[in-house]
């Protein structure tokens with residue numbers, strides 16, 4: 001079971017909507033929705049590997065959801081939740097739309113998978129044409145105790161995407177810290193290394 005979960009997690013995953021001609025798609029759509037869809041899917045596959053690893057080792061993975069990289073950092077479950085929600089709070093304003101509800105899901109591995117599936121469904125509802133709006137408008141969001149107001153391109157590249165990848169990376173790092181056999185190939189779906197079962201352990 002672990003081997004099959006790992007094998008499915010480190011195959012090269014096609015880009016979502018890769019049949020769209022790049023030159024015909026608004027750049028903000030390509031740089032947001034397509035990236036979010038890819039890494040939301042990869043995050044789900046990493047959670048699958050974690051559950052398979054726990055089963056093979058005769059462990060209960062549920063306590064891992066409370067595992068933290070440091071005492072003052074958020075736990076695994078919250079890191080996944082925030083990464084998922086960040087993709088919505090980024091993509092929908094970029095499309096000129098109100099952010100959809102994040103949904104209410106159980107704080108479990110199954111609940112996280114349901115959350116990720118919900119997020120992917122919502123992102124797939126956005127069309128490239130939605131991203132052809134006014135590039136000079138400002139998008140506002142809360143960044144902790146601060147308020148950010150940025151033009152769409154800056155909002156995505158300097159704020160939203162780095163935050164999404166930060167929380168995705170923290171989820172990866174926490175899973176590695178409890179022994180889950182993940183590698184860079186699990187994170188991006190592209191890397192492969194000779195002699196490594198799931199990508200280099202980086």
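None of the figures in this text is laboratory data; all of them are computed from the coordinates on show. Since the structure is predicted, the reported quantities are computational estimates derived from the model, not experimental observations. No Cβ is skipped: glycine too gets one built from the backbone with ideal geometry, and neighbour counts run over all protein chains shown.
Compute the Cα gyration tensor for segment 69-147, then decide on rounded, prolate or oblate, letting a ≥ b ≥ c be the square roots of its eigenvalues: rounded whenever a/c is under 1.5, prolate when a/b is larger than b/c in the other cases, and oblate in all that remain.
Cα axes put segment 69-147 in the oblate bin.
Could you calculate the FRET efficiency of residue 154 with residue 102 from 1/(1 + (r/R0)^6), where r is the beta carbon distance between them and R0 is 25 Å, rounded to 0.05?
Using R0 = 25 Å, I get an efficiency of 0.55.
Just subtract the alpha-carbon distance of residue 72 and residue 193 from 0.36 nm times their residue separation and send over the number in nm, one decimal.
On the way: separation 121, 0.36 × 121 = 43.56 nm, distance 3.43 nm.
My answer for the length gained is 40.1 nm.
For segment 55-200, taking Cα atoms only, what is the radius of gyration to one decimal and the Dmax to the nearest whole Å?
Cα only, segment 55-200: 17.2, 55 Å (Rg, Dmax).
Residue 114 versus residue 173, label points 7 Å from Cα toward the beta carbon: distance in nm?
Output for this residue pair reads 3.0 nm.
How high is the FRET efficiency from residue 59 to residue 135, r the C-beta distance, R0 45 Å, rounded to 0.05?
My answer for the efficiency is 0.35.
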